[in-house]
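In what follows, a structure is listed as structure tokens, so that the remarks can point back to it.
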Amino acid sequence: MTATRFLIPLFLFFGITVFLWKGLSLNPKEVPSPLIGKAAPEFTLPILNEFDARLSNSDMEGKVWLLNVFASWCGPCLVEHPILVNFAKTSDIPILGFNYKDKPQAAVQWLNRHGDPYERVVLDIDGRVGLDYGVYGVPETFLIDGRGIIRYKKIGPLTQADVSEDILPLIQELRQ
Amino acid sequence: MIKKISLTVLMVFLVSNLSFAEEAPLLAKDPELEERVKAISVELRCLVCQNQTIADSNAGLAIDLKNQVRDMLRQGMNEHQIKDFMVERYGDFVLYDPPVKGTTMVLWIGPLLMLILAFWMAVRIVRRRSRGIDLPQSSEDAARARELLKD
């Protein structure tokens with residue numbers, strides 16, 4: 001009895017250590033999105049390089065697609081960009097570029113310089129639609145299914161591991 | 001002494017600077033509306049600069065969110081509707097006061113439980129110690145000591 005009593009503080013200590021250790025290893029920048037499992041918010045936005053044309057999220061219905069939030073002013077976007085370019089070459093999943101709070105001219109130059117993996121690019125110049133998507137750290141990437149439900153969201157630059165371990169298996173699953 | 005004075009001067013400078021910083025961006029076209037925007041803004045977290053409220057922050061996102069709050073107030077929405085709007089998009093984390101629910105229970109009742117536990121332990125220790133003072137008197141050593149102290 002007394003022996004176990006002396007062990008209680010030790011167990012408490014270990015319990016708290018494990019709890020705090022886990023807390024330290026979490027990334028506070030990754031806020032779980034409340035949007036996963038919900039319908040992608042509606043938008044109708046102008047298209048880059050297509051005069052007077054507009055694209056709405058309902059135009060993508062029936063397809064599994066990626067929405068990638070980027071901007072020419074965004075440094076980390078450059079980090080993930082080669083991965084997106086490669087993804088576009090190897091996959092038939094369309095990527096819709098979501099140009100967030102950017103100048104269209106700057107976006108064109110940026111895409112010319114770094115490659116254009118996007119099927120189309122929509123312009124959210126004032127960031128209003130971005131707000132509906134809970135965008136706060138560009139780049140962000142959403143995977144949206146054929147019924148318009150958001151299935152996955154990544155805040156920050158995509159890595160090859162995100163693509164091969166999360167996105168591709170999920171696409172496989174959604175297509176069945 | 002000089003150090004103290006220069007420190008004071010520095011402090012005054014910093015404080016006055018701060019108050020300037022607060023006054024400058026106020027677009028007080030409608031002071032009453034701004035007051036309400038501010039009241040709501042101090043309860044919303046800026047997600048880019050996580051330990052600041054959107055009222056304190058001048059980050060692009062914080063400004064957008066403040067504008068959004070202002071627009072929604074103009075449209076006649078109340079504080080509750082505005083907070084729901086933010087939570088729908090950014091999650092509970094956007095609120096400075098986390099809501100009471102299953103996943104946040106630890107936050108709300110954890111400190112209270114700790115306090116009760118600490119109190120309970122303190123009571124136990126104090127009781128045991130106060131009992132402990134009598135304890136040696138009944139033991140053999142104490143009896144011998146009393147014997148020796150008799151004369």
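Explain nothing, just the number: dipole magnitude of the range A:42-175 about its Cα centre with +1 on each Lys and Arg Cβ and -1 on each Asp and Glu Cβ, in debye rounded to the nearest 20. Please list the in-between numbers first.
Working: 13 positive and 19 negative charges, 31 e Å.
Here the size comes out at about 140 debye.
Mind listing the long-range amide H neighbours of residue A:152? Cut-off is under 5 Å, sequence gap 5 or more, other chains count too, H placed in the peptide plane at 1.01 Å from N.
Result for residue A:152 returns A:143.
Given the C-alpha atoms of the range B:62-144, compute the convex hull and give its volume per residue in Å³.
On the way: hull volume 11.5 nm³, N = 83.
Considering the Cα atoms of the range B:62-144, their hull volume per residue is 138 Å³.
For residue B:106 and residue A:79, FRET efficiency with R0 = 45 Å and r from the beta-carbon atoms, rounded to 0.05? Please list the in-between numbers first.
Numbers: r = 35 Å, r/R0 = 0.79.
E(calc), rounded to 0.05, equals 0.80.
Give me the compactness ratio for chain A, meaning the Cα radius of gyration over 2.2 N^0.38 Å.
Details: Rg = 20.6 Å, N = 176, 2.2 N^0.38 = 15.7 Å.
Cα Rg divided by the expected 2.2 N^0.38 Å: 1.31.
Would you mind checking the tilt of helix A:2-25 against the longest principal axis of the Cα atoms of chain A, expressed as 0 to 90 degrees and rounded to 10?
10 degrees
I want to check the label-to-label distance for residue A:7 and residue B:122. Put each point 7 Å from Cα in the C-beta direction and report it in nm to one decimal.
3.0 nm
Just going by the charge dipole of chain A, with Lys and Arg at +1 and Asp and Glu at -1 on Cβ, which of A:118, A:10, A:78 is farthest out on the positive end?
Comparing the listed Cα positions along the dipole, A:10 ranks first.
Might you report the magnitude of the Cβ-based charge dipole of the protein assembly as shown about its Cα centre, with Lys and Arg at +1 and Asp and Glu at -1, to the nearest 20 debye?
In debye, rounded to 20, the protein assembly as shown gives about 1480.
Using only Cα atoms, find the angle between the long axis of helix A:104-114 and the longest principal axis of chain A, and express it within 0 to 90 degrees, rounded to the nearest 10.
70 degrees
Which trypsin sites (Lys or Arg not before Pro) from the range B:33-141 combine a DSSP loop assignment with at most 11 other Cβ atoms within 10 Å?
Values: sites: B:36, B:38, B:45, B:66, B:70, B:74, B:83, B:89, B:101, B:124, B:127, B:128, B:129, B:131; in loops: B:101.
Answer in residue order: B:101.
What FRET efficiency comes out for residue B:29 versus residue A:149 if R0 is 45 angstrom and r is the Cβ-Cβ distance? Round to the nearest 0.05.
After rounding to 0.05, the efficiency reads 0.65.
Could you give the C-alpha radius of gyration of the protein assembly as shown expressed as a fraction of 2.2 N^0.38 Å, taking N as the number of residues it contains?
For the protein assembly as shown, the normalised Cα radius of gyration comes out at 1.49.
Hey, got the average number of other protein chain Cβ atoms within 10 angstrom for residues in A:127-137? Before the final figure, lay out the partial values.
Values: counts 6, 4, 0, 3, 9, 3, 1, 7, 5, 13, 3.
Averaged over the peptide's residues, the number is 5.
Please report A:7, A:131, A:168 as a ranked list, fewest other C-beta atoms within 10 angstrom at the top and most at the bottom.
Taking fewest neighbouring Cβ atoms as first place, the list is A:7, A:168, A:131.
Readers should treat all values here as calculations from the given coordinates under stated rules, not as data from a laboratory. All values reported here derive from a predicted model rather than from experimental measurement. Every residue, glycine among them, receives a Cβ derived from its backbone with ideal geometry; neighbour counts consider all protein chains shown.
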